[in-house]
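Asker: Quick one: the structure is below, questions incoming.
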Number of protein chains: 2
Amino acid sequence: MEDQNKPKDTEAMILQAAEREFLEKGYAGARTTAIAEAAGVTHAMLHYYFRSKDKLFEKIVSDKMDKLCEMLLMTINHPELPLKERIQKGIEGHFEFLRANPDLPRFIINELAEHPGRMETLRGTLLKNATSLLESLQEEIDRLASCNLCERVDARMLLIDMVSLNVFLFIAAPMVKTVADSMYGDYDLFLEMRRRENVKTILGKLKLKL
Amino acid sequence: MEDQNKPKDTEAMILQAAEREFLEKGYAGARTTAIAEAAGVTHAMLHYYFRSKDKLFEKIVSDKMDKLCEMLLMTINHPELPLKERIQKGIEGHFEFLRANPDLPRFIINELAEHPGRMETLRGTLLKNATSLLESLQEEIDRLASCNLCERVDARMLLIDMVSLNVFLFIAAPMVKTVADSMYGDYDLFLEMRRRENVKTILGKLKLKL
DNA sequence: GTTTGCGTTAACAAAATTGTTAAACCAAAC
DNA sequence: GTTTGGTTTAACAATTTTGTTAACGCAAAC
């Protein structure tokens, strides 16, 4: 009924192995036999549960796109906080999400580069969330700016700055690791410093007087 | 005379086609037959000139790594200029290099992700150029800072900010294009705005009084 | 005019990878 | 105990992709 011998488990194991393999090597570089082996079954099981490599990949892509949107929705927006804390929480939330999913950006970016059409799917969710976030953010900035309490900056530019600064660290991890080791001695320490630095950079652009 | 017998050209045509295919699809996604077809020859020619797909790929990677190092050396460093112009020229030079080689970052990053060992090759050149650049930059910043003419910021952080802000625009091109179209109407216009914005962001951190 | 050697091609071979199937397995239902 | 149905496996088939080779063409050298 529920958990028979171990059917539900196999499917999950395959998904887990597929996620690792696809995120690490991309669609073309991934091998179905390697996925099956990592999941502890023969590769016929992969076809039994998911019909084809394509379908399995679609499942992973779809999951990851959802994850991306969920992040956009959950971690960035804190409209109840004052501007400074709101931005700080936003950047740090985004940063921590990336730290927990370090190879998600490269996966998404490669998939979008190969299938730009898939951007259409994201467009709706992305713009809808982003515009509502941006509107409320811009409103707050303008409010403070008209009292000379901060610079009147473009919230859209601010958001792109934030994403650029955070994402690059993880997307270029091998290079960043080497540089961090040579210049700061330790990668994790360096990440901490960058998280603070990125908050500082964004807040600095606002010149908040609060 | 026309395109019948031109031996020296064939090698170049293959290289050109290989560059396109590899940069676009990566090693695993590229097809030797597609490369040969794009070059206007049979795929046997590819083996005749380069022995194997691997060897051909190595050639392209090597060329692109050289290109990356060349860029680091040529476009970023202008020690003869005053700090403000120096930074502005550096950022804009880097930006224009990326605009002329928009899929180079993704290619390099994917290759480094798959073969982190290759980072060792880059390490020397990268650090050597970067440290000499950073030393002279930090020196200049400290000099001005001790006269209260600018903020005493970490030049290394500034360099990472610059690279992050510039590279993200091109590495995430499909997403950025969509966002730019929706928010600013035109991608090229948006790129111009971002180039200026990035200069402003970096200079803003310095709070230069000159 | 014949030879020589590089460049080229088409057909073929080899390897790797994905996809399929018949039969075995095994727990639960009858 | 037998049946049933989903799960699993091993062997196989199909396809795709890379790599090889023998023969051909052609220009330059002899």
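Asker: Across segment A:172-194, which residue is farthest from the other protein chains (Cβ to nearest Cβ) among those that are charged (D, E, K, R) and not in a loop (DSSP other than H, G, I, E, B)?
Answerer: Quick first cut of segment A:172-194, residues charged (D, E, K, R) only: A:177, A:181, A:186, A:188, A:192, A:194.
In the following step, the residues that additionally are not in a loop (DSSP other than H, G, I, E, B) were identified as A:177, A:181, A:188, A:192, A:194.
Working: A:K177: 8, A:D181: 9, A:D188: 16, A:E192: 13, A:R194: 7 Å.
Within segment A:172-194, the match that is farthest from the other protein chains (Cβ to nearest Cβ) is A:D188.
Quick grid of which residues meet (1) in contact (Cβ under 8 Å) with a residue 12 or more places away in the chain; (2) surrounded by fewer than 18 Cβ atoms within 10 Å (Cβ to Cβ); (3) not charged (D, E, K, R):
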position: A:L165; (1), (2), (3): yes, no, yes
position: A:P174; (1), (2), (3): no, no, yes
position: A:F190; (1), (2), (3): yes, no, yes
position: A:R194; (1), (2), (3): yes, no, no
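Asker: Residues of segment A:88-119 being under 28 Å from A:L210 (Cβ atoms) and either outside the structural domain of A:L134 (by TED's automatic domain parsing) or in contact with a Leu (Cβ under 6 Å, 6 or more places away or on another chain) (or both), which ones? Spell out the reasoning first.
Answerer: The initial filter retains those residues of segment A:88-119 that are under 28 Å from A:L210 (Cβ atoms), namely A:88-98.
Within segment A:88-119, none qualify.
Asker: Continuing with this model, one more query. Among the residues of segment A:116-153, write down those that are under 30 Å from B:E114 (Cα atoms), within 9 Å of chain B (Cβ to nearest Cβ) and either in contact (Cβ under 8 Å) with a residue 40 or more places away in the chain or of a type in the set (S, T, Y) (or both). Steps first, answer last, please.
Answerer: Quick first cut of segment A:116-153, residues under 30 Å from B:E114 (Cα atoms) only: A:116-123, A:126.
Keeping just the survivors that are within 9 Å of chain B (Cβ to nearest Cβ) gives A:116, A:118-120, A:122-123, A:126.
Matches in segment A:116-153: A:R118, A:L122, A:L126.
To keep it simple, each residue is scored yes or no on (1) closer than 23 Å to B:F97 by Cα; (2) touching a strand residue (DSSP E or B) at 6+ places or on another chain (Cβ under 9 Å); (3) surrounded by fewer than 18 Cβ atoms within 10 Å (Cβ to Cβ); (4) modelled with pLDDT under 95.
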| position | (1), (2), (3), (4) |
| --- | --- |
| B:K8 | no, no, yes, yes |
| B:A39 | no, no, no, no |
| B:T42 | no, no, yes, no |
| B:K67 | yes, no, yes, yes |
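Asker: Just to confirm my filter: which helices (runs of 4 or more DSSP H) fall fully inside segment A:14-115 and include at least 1 residues that are within 14 Å of chain B (Cβ to nearest Cβ) and closer than 28 Å to A:I202 by Cβ?
Answerer: Values: elements: A:32-39, A:43-50, A:53-74, A:83-100, A:104-114.
Filter on segment A:14-115 gives A:53-74, A:83-100, A:104-114.
Asker: Condition test on A:E197, is it touching a helix residue (DSSP H, G or I) at 6+ places or on another chain (Cβ under 6 Å) and either at pLDDT 95 or above or of a type outside the set (S, T, N, Q) (or both)?
Answerer: Working: touching a helix residue (DSSP H, G or I) at 6+ places or on another chain (Cβ under 6 Å): yes; either at pLDDT 95 or above or of a type outside the set (S, T, N, Q) (or both): yes.
Taking the combined requirement at face value, the residue satisfies it.
Asker: Identify all residues within segment A:36-81 that are touching a Leu at 6+ places or on another chain (Cβ under 7 Å), within 13 Å of DNA strand D (Cβ to nearest atom) and among the aliphatic types (A, V, I, L, M); write none if there are none.
Answerer: A:A36, A:L46
The values are calculated or read from the model by the stated rules, or taken from the named source; none is laboratory data. Just so you know, these numbers come straight off a predicted model, no measurement behind them. Here Cβ is always computed from backbone atoms with ideal geometry, including for glycine, and neighbour counts include all displayed protein chains.
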